[in-house]
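Worksheet: one structure, shown below.
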Amino acid sequence: MVISAETRARIDAEAAKYPRRRGALLSALHLVQKDLGHIAPDTAAEIAALFDLHPVEVMEVVSFYNMFFDRPQGRHQVRVCTNLPCSLRGARELLRELEHHLGVEAGGTSADGRITLGHEECLGACAWAPMMRVDDVYHEDLDAAKAKQILDALR
Amino acid sequence: MQSAPWVTSYLTEHCAADDFATLAGYRRRGGYEAARRAVAEMTPEQVTELVKDAGLQGRGGAGFSTGLKWSFMPKGGDKPKYLVCNADESEPGSFKDRLLLERAPHQMLEGILIGAWATGAEKTFIYVRGEYAQAGRCVQHAIDEAYAAGLLGANLLGSKFSHDVVLMLGAGAYIAGEETGLLESLEGKKAQPRKKPPFPAQHGAFGMPTTVNNVETFSHVPHILRHGAAWFRGFGTEKSPGTTLFGVSGQVRRPGLYELPLGTRLDEIVFQHAGGPLEGRRVKGVIPGGMSMPILPASQLDVPMANESLRERKTMLGTGGVMVLDDTTCMVRTACVIAYFFRDESCGQCTQCREGTGWIHKIVQRIERGAGSPADLDILLDVAGKMEGQTICAFADAAAWPIQGLLRHFRADFEEHVKHGKCPFPQSFEL
């Protein structure tokens, strides 16, 4: 059992809000991923049991949504928006600088395990481009120096 | 993010004040009076008629009459009915709902409460996109405050009416913003859109009658209740009343949000409000309503921003996301970015969409590399044409339209690539 009793209780509280228990599946995946960093197949099987689902029904949800991961990640998720409004204001050049700075290509994790760097589709910050999401915090109106400083401060 | 739009009107008048996001601050400015009056003094039918008379159109992209949508909900019956607030804002170029969620969550909640009374819904699910964690925290705080003050829950506002609100966070999928894709996601499944009919008003969330409205749509509702339909029609055009939040982005001096009446001219938004192009540049084209909507060339910006006028130019208002592209920008690279997005976000259910988005992406990339042939332009239009109107949801149309728009107005950019075997815009953004 990898899911803690406390998290199970929180999942039950979420499930009570929906007419069918499965409505809380995305919430459950968020909660478990917060604890464990990713949703491995055996974790998915445990979650499936909590919802009376087949493990593959959980895995297909994990693979459908960009914010769920089926394999280990860096300690921080750094996502540079490269959609059109951000691209028009230097987002791709910024991402390249950050790849170079961390010594990792977009989609990869830095050697020290600190950061998984990637690009992302529109994050709703178009007027303050370029921007990046660090875990659940937005950083807007970036330039390369500012962005590197933010990355360097992550432990 | 800015704390209030550069230009404000009734919807965002108080957004700059930090306390507007709190119950006390919202109530101090007359908040929840409209909901109290609706529940105490009006029948659900009267509320729906009022919103219909005001001519409020959905602000999530489709522009459907909100009052009419509410009237489709079955009256009475023993099934529970639900409202869904679509806060899955993810149309590229759109960032208005984020401001309303973070800076004015009670205004939206009051609109939800009024909608719930009008439709007889017992519960509202607010579906906030997963990346909007900060917005989610603001909304949850507002919900908690509203419960504590007896504005939500059993016998709210001292009436016989009860209503619950549940916040749910999505997990990153553009298609979850599509009405029925959202309902699937709400049920804990992949956000693959449903065939219609049955429409959500008959068979929606968890199989129950459901109405889905956008964040901004709900936020207009308290103002209509407060001031009446005639007042609301004092803003905007005859067919498109009210203000909306235009989000201006891209290569322009003053990007940001602008609350302006529907029907405001696009060139006024771009040149007067947003300050026009950057130093030494010229505007090449403008996408008027989020990335799904076809682009307009600089020569066609003298158009009122309302669907009835934009349709004449073969584009639409969408979500009011205005993207400005200047003369350094390559329209084939633009097509590559757009095509990549739709290929990446296609849910894969329908063949025309799953295959078509891939074809389009491959072909525009080939043209950008300088390896395209003259026939590729016609193949692009052929593929786009075969995606349109052939699939379960409008995603395939949204993927086809911007490519058609780029070829309609900037075919020369594509032809130059093919003719010279390379990209003629060295200054354009990198891919």
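Could you please give the count of residues in the range B:198-229 that are surrounded by 19 or more Cβ atoms within 10 Å (Cβ to Cβ), within 14 Å of another protein chain (Cβ to nearest Cβ) and out of contact with any Pro (no Cβ under 7 Å at 6 or more places or on another chain)?
Looking only at that region, the number is 5.
Give, as residue ranges, the helices (runs of 4 or more DSSP H) completely inside the range A:1-67 that count at least 3 residues that are touching a Cys at 6+ places or on another chain (Cβ under 6 Å).
On the way: elements: A:5-15, A:25-36, A:41-51, A:55-64.
It comes to none.
Scan the range A:21-30 and tell me whether some residue there is under 17 Å from the mean Cα position of the chain (by Cα) and away from chain B (no Cβ under 12 Å).
Within the range A:21-30, the first condition is being under 17 Å from the mean Cα position of the chain (by Cα), and the residues that meet it are A:25-30.
After this cut, where a residue has to be away from chain B (no Cβ under 12 Å) as well, the list is none.
For the range A:21-30, residues under 17 Å from the mean Cα position of the chain (by Cα) and away from chain B (no Cβ under 12 Å): absent.
Can you tell me which condition A:Arg133 does not meet? The list is (1) part of a loop (DSSP other than H, G, I, E, B); (2) of a type in the set (D, E, K, R); (3) under 20 Å from B:Asp88 (Cβ atoms), and all the others hold.
A:Arg133 satisfies all of (1) part of a loop (DSSP other than H, G, I, E, B); (2) of a type in the set (D, E, K, R); (3) under 20 Å from B:Asp88 (Cβ atoms) except (1).
Out of (1) surrounded by 22 or more Cβ atoms within 10 Å (Cβ to Cβ); (2) touching a residue at least 40 places away in the same chain (Cβ under 8 Å), what's the single condition that is false for B:Pro288?
Answer for B:Pro288: the failing condition is (2).
Looking only at residues in the range A:69-86 that are within 18 Å of A:Val134 (Cβ to Cβ) and in a loop (DSSP other than H, G, I, E, B), which one is nearest to the other protein chains (Cβ to nearest Cβ)? Write out each step before concluding.
Initial filter on the range A:69-86 (within 18 Å of A:Val134 (Cβ to Cβ)): A:69, A:73-83, A:86.
Still in the list and also in a loop (DSSP other than H, G, I, E, B): A:69, A:73-75, A:82-83.
Details: A:Phe69: 11, A:Gln73: 14, A:Gly74: 17, A:Arg75: 17, A:Thr82: 8, A:Asn83: 5 Å.
Top of the filtered list is A:Asn83.
Considering only the range B:278-300, state which residues are assigned to a loop (DSSP other than H, G, I, E, B) and either β-branched (Val, Ile, Thr) or closer than 22 Å to B:Lys96 by Cα (or both).
We begin by selecting, within the range B:278-300, every residue assigned to a loop (DSSP other than H, G, I, E, B); these are B:278-282, B:288-295.
B:Pro288, B:Gly289, B:Gly290, B:Met291, B:Ser292, B:Met293, B:Pro294, B:Ile295 - these are the residues of the range B:278-300 that are assigned to a loop (DSSP other than H, G, I, E, B) and either β-branched (Val, Ile, Thr) or closer than 22 Å to B:Lys96 by Cα (or both).
Quick check on B:Arg343: is it among the basic types (Lys, Arg) and either closer than 30 Å to B:Leu56 by Cα or away from chain A (no Cβ under 14 Å) (or both)? Reasoning before the result, please.
Working: among the basic types (Lys, Arg): yes; either closer than 30 Å to B:Leu56 by Cα or away from chain A (no Cβ under 14 Å) (or both): no.
So B:Arg343 fails the test.
The conditions are (1) of a type outside the set (Phe, Trp, Tyr); (2) more than 14 Å from every other protein chain (Cβ to nearest Cβ); (3) more than 19 Å from B:Thr244 (Cα to Cα); (4) touching a Phe, Trp or Tyr at 6+ places or on another chain (Cβ under 7 Å), and B:Gln57 fails exactly one of them. Which is it?
For B:Gln57, the exception is condition (3).
For the subset of the range B:112-138 comprising residues that are closer than 15 Å to A:His30 by Cα and among the hydrophobic types (A, V, I, L, M, F, W, C), which member is farthest from the other protein chains (Cβ to nearest Cβ)?
Checking each candidate, the answer is B:Val128.
Pull up the range B:251-271, narrow it to residues that are part of a loop (DSSP other than H, G, I, E, B) and hydrophobic (A, V, I, L, M, F, W, C), then point me to the one that is farthest from B:Met1 (Cα to Cα). Spell out how you get there, then give the answer.
Step one: filter the range B:251-271 for residues part of a loop (DSSP other than H, G, I, E, B), giving B:251-255, B:262-264.
The next check asks that each one be hydrophobic (A, V, I, L, M, F, W, C); those that pass are B:252, B:262.
Numbers: B:Val252: 17, B:Leu262: 23 Å.
So the residue we want is B:Leu262.
Test of understanding: among A:Gly107, A:Gly113, A:Gly124, which residue is within 7 Å of another protein chain (Cβ to nearest Cβ), on the phi > 0 side of the Ramachandran plot and outside any helix (DSSP H, G or I)?
Values: A:Gly107 fails: within 7 Å of another protein chain (Cβ to nearest Cβ); A:Gly113 fails: within 7 Å of another protein chain (Cβ to nearest Cβ).
On inspection, the qualifying residue turns out to be A:Gly124.
Rule-based calculations on the coordinates, nothing more; no lab input. Computed from a predicted model, the values in this text were never measured in an experiment. Neighbour counts are summed over all protein chains in view; Cβ atoms, including those assigned to glycine, are modelled from backbone coordinates with ideal geometry.
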